[in-house]
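Only one structure is covered here, and it is reproduced in the block below.
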Amino acid sequence: MSVFDHKAYDQHERVAFYHDAKSGLKAIIAVHNTNLGPALGGCRMWPYASSEEALTDVLRLSRGMSYKSAMANLKLGGGKSVIIGDPRKQKTDDMMRAMGDFVQSMGGCYITAEDSGIAVRDLKLMEEGCDFIAGTQAKFRYDGGEADGNPAPSTAYGVFVGLRRSVKHALGSDLKGMRVAIQGLGHVGWRLAEHLHKEGAKLYVADIYPDNLDKAAELFGATVVAPQDIYGLDVDVFAPCAMGAILNDHSIESLRAKVIAGAANNQLAEERHGQMLKDKGVLYAPDYVINAGGVIDIFHQRMDSSADAMRKHIEGIGDTLLEIYRKANEQDLPTNIEANNIAEQRFRKN
Ligand code: NAD
């Protein structure tokens, strides 16, 4: 199948394939749209079962970045790259350098950063021969703390701000006493739990690994639930912070939360599930809007901006969500569709 006929192809500007025989690198870069600026998006290394699977992933992910950056008011386009291989077994320093050469060959229309399977150390190797790498030099954190290059604190803060505004909008209340179920206590979920606990929320948490669950029970008085039980809890807010496609026919049926606000990418199994949530009276904070804190962080680090400017920009996520909720309401549309419409108006040229 050609790229142009691929089901995930959506007017992508460029899709480039690269095989470096010496290092064994097999990679794809997809640039979805650069109308607002160079396409920024992380590099993912994953043991894809086939090159078809890798292509589908990179086309979907790069498209998602166009929407995310447009809604975060960033002068950036959408792009992403994937390396086919197991990061634990097949990654070598030369492979990372070859990936840097590949990114360089795009001439600056694509800027790469961290994603699953790629760490700051890998980016530094890519940077040896490439001018278009982001996220290797974190200088400041949104709260003035010491930066370590991990954008998760910014993502978690953005989700927290967005969740608080969504609760105010839907339930007319602050977070004190609000019951929030967090799915996944990883880099983002854990930090979100910290913020929510400080505001007096009552937490319910699930993870497939016990490490952070016991700590959350001890430090935040959180109630630990089994992973399969997180959807049907009698709570006010559901915060998905683990994986995608968790909002589907099955889970929406059992949901009792009135607000969904979490960090996970691609939460809706299909766009039509936004309508299902609306019909059920659930307010859905579109994932790529509420989880944009990380890309905002990378942007400010690159621009040599400041912690203060970064924090204000992240806090703008709350205003953007309110704008989406207002317009969606006016037009009787699900929030995911309204967000898509606003983003497309911003990044598509007439
Ligand atoms: P992470 O890998 O650190 O955390 C994910 C957590 O979810 C892990 O603790 C994992 O054990 C848990 N988990 C996996 N399957 C689960 C299940 N079935 N039930 C409950 N828990 C489960 O990842 P992260 O960096 O915290 O990111 C979380 C989500 O947010 C991901 O979808 C990621 O793509 C998205 N995201 C992250 C960032 C960021 O800055 N890290 C930015 C934007 C979006």
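Residues that are surrounded by fewer than 19 Cβ atoms within 10 Å (Cβ to Cβ) and assigned to a loop (DSSP other than H, G, I, E, B) within the stretch 289-316 comprise 303, 304, 305, 306, listed in sequence order.
Would you confirm whether any residue within the stretch 160-177 is out of contact with any Ser or Thr (no Cβ under 9 Å at 6 or more places or on another chain) and closer than 29 Å to residue 45 by Cα? Looking for residues that are out of contact with any Ser or Thr (no Cβ under 9 Å at 6 or more places or on another chain) and closer than 29 Å to residue 45 by Cα, one finds at least one in the stretch 160-177, hence yes. In the stretch 89-109 there is at least one residue matching the filter, namely being closer than 24 Å to residue 345 by Cα and surrounded by 16 or more Cβ atoms within 10 Å (Cβ to Cβ). For the stretch 174-193, the criterion of being surrounded by fewer than 16 Cβ atoms within 10 Å (Cβ to Cβ) and free of Cβ contacts under 8 Å to residues at least 12 places away in the same chain is met by no residue.
In the stretch 282-299, the residues that are of a type in the set (S, T, N, Q) reach residues that are surrounded by fewer than 24 Cβ atoms within 10 Å (Cβ to Cβ) with C-beta atoms within less than 8 angstrom, at least six apart or across chains, in these pairs: 291/264; 291/265. Residues in the stretch 64-83 that are surrounded by fewer than 22 Cβ atoms within 10 Å (Cβ to Cβ) and within 21 Å of residue 132 (Cβ to Cβ): 64, 74, 75.
Here the stretch 23-63 is the region considered, the condition is being polar (S, T, N, Q) and touching a residue at least 40 places away in the same chain (Cβ under 8 Å), and the residue that is surrounded by the most Cβ atoms within 10 Å (Cβ to Cβ) is 62.
Looking at the stretch 170-187, which of the residues that are closer than 26 Å to residue 116 by Cβ and touching a Leu at 6+ places or on another chain (Cβ under 6 Å) is farthest from the ligand (Cβ to nearest atom)? Talk me through it step by step, then tell me what you get.
Looking only at the stretch 170-187, we keep the residues that are closer than 26 Å to residue 116 by Cβ, and these are 180-187.
Next, from what is left, pick out any that are touching a Leu at 6+ places or on another chain (Cβ under 6 Å): 180-181.
Values: 180: 15, 181: 11 Å.
Going through the qualifying residues, I end up with 180.
If only residues of the stretch 111-142 that are among the small types (Gly, Ala, Ser), in contact (Cβ under 8 Å) with a residue 12 or more places away in the chain and within 16 Å of the ligand (Cβ to nearest atom) are counted, the one that is farthest from residue 293 (Cα to Cα) is 117.
The numbers here are math on the coordinates, done by the rules we state, and not lab data. As the structure is a prediction and not an experimental result, all values here were calculated from the model. Heads up, the Cβs are rebuilt from the backbone with ideal geometry, glycines too, and the neighbour counts pull from every protein chain shown.
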